[in-house]
Amino acid sequence: MKALDYPSLIRAFEGVIASVLEQKDHLSRLDSVGGDGDHGTTMARAMGKVADALAAHGEEKIAVLLQEIGWAILGVDGGAIGPLLGMMFLSMAESAEGLEVLEGEQLAAVFEAGLSGLLAQTKARKGDKTLVDALVPAVEALAAAARAEEDLEAIFSAAAEAATAGAEFTKTLQARFGRARHIGEESIGSADPGASSIAFIFNGFKKGISDHA
Amino acid sequence: MAMKKLINDPDNLVQELLEGFALAHGEQVCLTDDRLVVRAREKEQNKVALVTLGGAGHEPALSGFVGEGMLDISVPGEIFAAPGPPKVLQALKTAQREAGILFIVLNHAGDVLSAKVAGDMAAKEGIRFEQVLTHEDISSAPRTDPDNRRGLVGCLPVIKVAGAAAEAGRSLEECAAIARRMEAGMATLAVAVSGATHPSTGEVIAEIEEGTMVVGMGQHGEAGGGTQPLKTADETAEIMLEALLDDIDAKAGDELFVLLNGAGATTLMELYLVLRRVNALLKERGITLARSLAGEYLTVQEMGGFQMCVGKLDEELKALWDAPCDAPAWTRS
């Protein structure tokens, strides 16, 4: 399968919810290194909102679903992660306007728009030990595979792999952004919770899509 | 570790605490259906409104500063987490007026992001506001790197003087200039002597070894300062005041305010000891302690320690400081 349609997008997000909820405690523990230990709780709340948006089943359009998910996540009172992920999905929605399916160039462009939308909200860039370190490689890998016209499983596998590697790479970095920057060198050795969440999100996309392929 | 807190379902914690807070201070504030804390008696529409946002779990901050002469609306988030942009946008819409809104934001990643997204949306809708960022924590970055300085308890003196200016009918530009002047002349440093638990998760949010203290602790227990052996009240006052005076470049003849903010477990007794020493040290330097406050303003659950905030005052700022206000956690008649 090469094209992502509305039903497969629903399944992809169901995969995301399962993947993130499974890691809730792990994410909170990661956050207690440099933050206040609530990242898992916040992500779980965000997933609850995503589940509500999926269940609402309004107009069966990709852009509408992405917009509802974006607004739902923006509404999570959870520090920085809500506005960042929320703006990512809202930007994806804008880019997906009017499309019945996402494939090839369009699939790449929608995720790239999501990345730009998120980057517009923060000064954090690659190497700052934030979710950007996982998201940038994930979107790059996804876009490259989509443009190479690979099938959906391969596209989301590539993205998941790149996100996981990006999150893993944050272990070697010293936090330079957000709350965790205040612990400086002590942050080295532990993965960034936001980057880890991005890895779980992309692994969830992959699982949601491949389980039903 | 078992958490010794009298709470109910952690998911309802913030809603329940706000309902109780509104009952306790019904003459000053009320809680709206969309979970904003607003004044019990609305300010006249021709005066600038003050809006702020911030996580809960720091009671009485920030909603305790909603009231006459201070904030018009506070947007509480979750425990230690900023409210999402939709709620912040709702607050800006509620406060919308021709006179404009002074939007006070503490420099924390979540608050700043939420404020930016909501602010961009509000601007598109033609809502007139001016944002003032407070970032006065000297332990998180040098003065030359304000982006990376956190906003701690210093938001309160800023809210006090800007709120008084708004109440007096000053323009949005004037209120913003007053807020920025107060902000630019102040500095805060925190010390922690014992940790706290996150009331929703039960996780320890700051571990402080027995017999030590950490200078430069943020308001959620973020690590980042010097761990050192626990000192006396006088010695602690000296270490902190010296660093703060240095940061604001205080000189003989200056008039300062000092605000001591207990983190939750440190007693008023201890704060009084510190304040007494601060006053003596200022005298030695020929600096006047023009205004002072000691109490619990912005807490971190049961954390032990306090924040010391000092700032320069001029005649106008002193008059605004002295103007009457009537908020749950700051009244002056």
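The values are calculated or read from the model by the stated rules, or taken from the named source; none is laboratory data. Note that the coordinates shown come from a computational prediction; the quantities given were computed from them, not determined experimentally. Backbone-built Cβ (ideal geometry, glycine too); neighbour counts: all protein chains shown.
Here residue A:57 passes the criteria (1) farther than 17 Å from residue A:4 by Cβ; (2) away from chain B (no Cβ under 13 Å); (3) in contact (Cβ under 8 Å) with a residue 40 or more places away in the chain except the one numbered (3).
Name the residue, out of B:176, B:141, B:168, that is more than 16 Å from the chain's Cα centre (by Cα), buried (at least 22 other Cβ atoms within 10 Å of the Cβ) and not assigned by TED's automatic domain parsing to the domain that holds residue B:297.
B:176
Yes or no: region A:133-150 includes at least one residue that is within 12 Å of chain B (Cβ to nearest Cβ) and surrounded by 21 or more Cβ atoms within 10 Å (Cβ to Cβ). No: region A:133-150 contains no residue that is within 12 Å of chain B (Cβ to nearest Cβ) and surrounded by 21 or more Cβ atoms within 10 Å (Cβ to Cβ). Of the residues making up region B:266-286, those that are touching a strand residue (DSSP E or B) at 6+ places or on another chain (Cβ under 6 Å) and outside any helix (DSSP H, G or I) number 1. Considered as a group, the residues in region A:83-117 that are in contact with a Ser or Thr (Cβ under 7 Å, 6 or more places away or on another chain) and not β-branched (Val, Ile, Thr) include one that is farthest from the other protein chains (Cβ to nearest Cβ), and that residue is A:109.
In region A:62-103, how many are of a type outside the set (D, E, K, R), in a helix (DSSP H, G or I) and closer than 21 Å to residue A:142 by Cα? Before the answer, list the steps.
So the first thing to find is which residues in region A:62-103 are of a type outside the set (D, E, K, R), and the list is A:62-67, A:69-76, A:78-93, A:95-96, A:98-99, A:101-102.
Checking which are in a helix (DSSP H, G or I) leaves us with A:62-67, A:69-74, A:81-93, A:95-96.
Next cut, closer than 21 Å to residue A:142 by Cα only: A:62-63, A:65-67, A:69-70, A:84-93, A:95-96.
Here the count works out to 19.
One residue stands out among those in region A:27-48 that are surrounded by fewer than 22 Cβ atoms within 10 Å (Cβ to Cβ) and in contact with a helix residue (DSSP H, G or I) (Cβ under 7 Å, 6 or more places away or on another chain): the one that is nearest to residue B:200 (Cα to Cα), which is A:44.
For (1) surrounded by fewer than 24 Cβ atoms within 10 Å (Cβ to Cβ); (2) modelled with pLDDT of 95 or more, each residue gets a yes or a no:
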| position | (1), (2) |
| --- | --- |
| B:1 | yes, no |
| B:60 | yes, yes |
| B:89 | yes, yes |
| B:92 | no, yes |
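Within region A:158-180, residues that are within 14 Å of chain B (Cβ to nearest Cβ) reach partners that are of a type in the set (S, T, N, Q) and not in a helix (DSSP H, G or I) with beta carbons closer than 7 Å, at six or more positions or on different chains, in the pairs A:177/A:130; A:178/A:130.
Which of the residues that make up region B:128-177 are free of Cβ contacts under 8 Å to residues at least 12 places away in the same chain and over 29 Å from residue B:240 (Cα atoms)? The one that is free of Cβ contacts under 8 Å to residues at least 12 places away in the same chain and over 29 Å from residue B:240 (Cα atoms): B:174.
Within region B:70-85, take every residue that is within 15 Å of residue B:48 (Cβ to Cβ) and not in a loop (DSSP other than H, G, I, E, B) and give me the one that is nearest to the other protein chains (Cβ to nearest Cβ).
Residues of region B:70-85 within 15 Å of residue B:48 (Cβ to Cβ): B:70-73.
Adding the requirement that they be not in a loop (DSSP other than H, G, I, E, B) leaves B:71, B:73.
Details: B:71: 18, B:73: 16 Å.
Only one residue fits best here, namely B:73.
Taken together, the residues in region B:115-152 that are more than 14 Å from chain A (Cβ to nearest Cβ) and in contact with an Asp or Glu (Cβ under 9 Å, 6 or more places away or on another chain) amount to 6.
The residue that is modelled with the highest pLDDT, counting only those in region B:200-240 that are buried (at least 20 other Cβ atoms within 10 Å of the Cβ) and farther than 21 Å from residue B:150 by Cβ, is B:237. Evaluating residue A:62 against the criteria (1) in contact (Cβ under 8 Å) with a residue 40 or more places away in the chain; (2) of a type in the set (Val, Ile, Thr); (3) under 24 Å from residue A:192 (Cβ atoms) leaves one unmet condition, (3).
Got a number for residues in region A:103-125 being surrounded by fewer than 18 Cβ atoms within 10 Å (Cβ to Cβ), under 18 Å from residue A:81 (Cα atoms) and in contact (Cβ under 8 Å) with a residue 12 or more places away in the chain? Spell out how you get there, then give the answer.
Let us first name the residues in region A:103-125 that are surrounded by fewer than 18 Cβ atoms within 10 Å (Cβ to Cβ), namely A:104-106, A:116, A:120, A:123, A:125.
From what is left, the residues that are under 18 Å from residue A:81 (Cα atoms) are A:116, A:120, A:123, A:125.
Right, trim to in contact (Cβ under 8 Å) with a residue 12 or more places away in the chain and you get A:116, A:120, A:123.
Counting residues in region A:103-125 that are surrounded by fewer than 18 Cβ atoms within 10 Å (Cβ to Cβ), under 18 Å from residue A:81 (Cα atoms) and in contact (Cβ under 8 Å) with a residue 12 or more places away in the chain gives 3.
Residues that are assigned to a helix (DSSP H, G or I), among the polar types (S, T, N, Q), more than 8 Å from every other protein chain (Cβ to nearest Cβ) and under 22 Å from residue B:162 (Cβ atoms): does region B:97-113 have at least one?
Just the residues of region B:97-113 that are assigned to a helix (DSSP H, G or I), to begin with: B:109-113.
Narrowing further to those that are among the polar types (S, T, N, Q): none.
No, that holds for no residue.
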